[in-house]
Every structure is written in C-alpha cells, then in structure tokens.
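Let me begin by presenting the structure, written as structure tokens, before commenting on it.
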Amino acid sequence: APGGSSGYQPPPSWIRLVQPSRTELAQGESISVQVNTRLDGFASPPPPGKYYFDVIARSNEAPLSRATLEVTLTEDANSSFSLHVINIYFGFDATALQIDTSGIEVPAEYINGVAGARVTLQRDDVEAPDPNVAWAPPEVYTAVTTDGGVDHGKVNFSAIPAGRYRITVRAPKHETYSGTIRVRPEQTEYEQIALNFGAVTVEWDVREITIEDRYDVRIETTFDTRVPAPVVVITPAAISLPAMCPGDVYEVELLIENKGILSALDFRNPIPKSDAYLRVEPITELPDYFDIPAQQTIRVAYRYICLKPLPNSPCE
C-alpha cells in the first residue's frame, strides 16, 4: 500500500519476493525470505517516500500470518559510512587484561587504530543482469584509513547510495577481514572492526643449485612478541628428507617455542602420521594436544623409518 493507503494493491514491478528454496517446514524450523528491490531501468521511477507492503504466509494447517515491510525510497545520496579499524590486541587499554602487562610494548601505530588499512565497499544487493534492462556493474568504493590525529585508523565514505555492501579490509601484518554492512537512507552508519594481528610471518624462497638437479628451499620465520597473546614458532619450519631406501632411519628434532606472554593451550602435536613410504615413531612421548607455557620451549623428537624407496632414491 504506497504511502500507507488502505486496501489491497498488487506489488509494483520494482519489488519482488524471492521464492525460498524450501516450501515445507517441520515444527520449530525456520527459513529466511529475501525481498529484492530494483529501480534501475525504469523510465519513470516511483516518487520518493515510504512504501508499505504486507508479507503474507499461508499454510493448510495454521492461521494466516502477516508481517508489514516498510521500504523508503529517496533521491538523497548523502548516506554515509564511517569505519574505525583497530588492532584486536591494542584496540583497548592492554593494562585492563588479567595478566602481567609490564612486558607489553604497545606499538604506537596501533594505539588508536590501524593506519594505512585499505577498505573496499562493493554493492551486494544488485541482481544478476537482465537482458531486457540496461545493467551496470555494482558500485565499488575504496579508501585508506587515516594516519595520525584524532581520526587515526578511521575512514569515511560520504555520499554513497543506501543499500547492502560487501566490505573488505586489508592491512599489513593483519589478517584480511570480510563481511557485510548495510547503509540506510539519509543516515551515517558507524562500525568498528578489529583485525586479527599476524604475530608470525613466514617467508620462503626456492634457490636453484647449479650443476646438480637440486633445489634449496629456505624458510624464514619472523615473529612479533609485542602482543598479549601466545606466539608459537617451530624450528625448523620445514623438513627436507634425504634419499632413503627401505630400512633407512632419519631422526628429526623440533623446537616449539612460545615467545608470547600467554600460554598456548591445546597445541596440536606436530609429529606426522605414518604412510606407505615411511613409518613414524615418536622419540618424545607427547599427547595429541598439549599446552606450551609462555616464554617456554618444548623439544619434540621422532624418527622416520623407510618402508618403500622414496621417489628418486637410488635404491637397488
């Protein structure tokens, strides 16, 4: 009923109910029903205002159920979205944690937010192309969070259309965040997103060895202990097995170091499983999951016993 007028009227062509994938529900079950609106391609779009629609559910075994849907149409593109990106560990006062914070050096770049984070917004409520209607790709908006001042780690998207957006946030030394936001007409939406901090970074390169048909893989692990969290580093980061024939034995020792200031709980035992080529025997007996206290190192030793010749091994 446009404008709240009384009486039943069929819905206009710019709004439709998406048929749910399921039409039968057991007692206590529920499903989500999607309503799509689309105004692009209309020669005479409806005038701005509030429109009210009845969403009706019928069943042979239950009384009719009715819900009212309010849709606001506006020509105003001054809707905006404000975002504050923070580090998950330093987005608050670290001294409030129930731990000894004397060893935590809070990086200045994360005290009030994460600067230099790249934020991307893409419309997520645009339907697939209709061959009968002109269609353009969904709008994409990008910005970078501010460095310094009262707006450190913040970004503002102004004069963007209302609707649902897919948001992606990327920042160095942090895990990428993806999610969905909704911008309402003529309003400024605000959100704060905490990025997971990548305390351990692994870099590797492959170097070709001259003369021999052999390659040397080098892995370098960089860690940051300035976070109130466990920081677990395993040395060596990779194991290169030599040429092995049946009966050969190769022993491995791993150092598992928790360089953080919190204990790592339920750490999974890194000893690999046996397979058709190698039988693995633990030298250090450890459970499948164990704890690693803060600032402590655990040695894990095991041996490979060759059952079948490894590929490219010169066995007789």
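The values are calculated or read from the model by the stated rules, or taken from the named source; none is laboratory data. Bear in mind the structure is a predicted one, so any value in this text is a computation, not a measurement. FYI the Cβ positions are ideal-geometry reconstructions off the backbone, even for glycines, and counts take in every protein chain you see. Heads up: the accessible areas ignore ligands, DNA and RNA and are worked out on the full protein's heavy atoms, side chains in. Shrake-Rupley method; radii C 1.70, N 1.55, O 1.52, S 1.80 Å.
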Margin query: Given the criteria at pLDDT 80 or above and either over 24 Å from the mean Cα position of the chain (by Cα) or surrounded by fewer than 11 Cβ atoms within 10 Å (Cβ to Cβ) (or both), does THR188 qualify?
Written below: yes
Note to self: Residues that are of a type outside the set (Lys, Arg) and at pLDDT 80 or above: list the strands (runs of 3 or more DSSP E) wholly contained in region 194-265 that include at least 2 such residues.
What the structure shows: 232-235, 249-258
Notebook entry, point to check: Would a scan of region 87-95 turn up a residue that is modelled with pLDDT of 75 or more, part of a strand (DSSP E or B), in contact with a helix residue (DSSP H, G or I) (Cβ under 6 Å, 6 or more places away or on another chain) and surrounded by 16 or more Cβ atoms within 10 Å (Cβ to Cβ)?
Noted result: yes
Checklist line | Residue count for region 34-44, restricted to those that are open to solvent by less than 80 Å² (accessible area, probe 1.4 Å) and either modelled with pLDDT of 80 or more or part of a loop (DSSP other than H, G, I, E, B) (or both) | finding: 6
Margin query: I want to confirm something. Restricting to region 266-316 and keeping residues that are hydroxyl-bearing (Ser, Thr, Tyr) and part of a loop (DSSP other than H, G, I, E, B), which single residue is farthest from PRO230 (Cα to Cα)?
Written below: SER313
Next item on the list: Please state which of the following conditions LEU262 fails to meet, knowing it meets all the rest: (1) surrounded by 12 or more Cβ atoms within 10 Å (Cβ to Cβ); (2) out of contact with any strand residue (DSSP E or B) (no Cβ under 6 Å at 6 or more places or on another chain); (3) more than 24 Å from PHE197 (Cα to Cα).
Entry: (3)
Item checked: Matching residues, region 242-259, being surrounded by 12 or more Cβ atoms within 10 Å (Cβ to Cβ) and under 11 Å from ARG303 (Cα atoms) -> ASP248, TYR250, VAL252, GLU253
Next item on the list: Find all pairs meeting these conditions: Cβ atoms under 7 angstrom apart; at least six residues apart or on different chains; first residue within region 172-185 and in contact (Cβ under 8 Å) with a residue 60 or more places away in the chain; second residue hydroxyl-bearing (Ser, Thr, Tyr) and open to solvent by 20 Å² or more (accessible area, probe 1.4 Å).
Entry: PRO185/THR72; PRO185/THR74
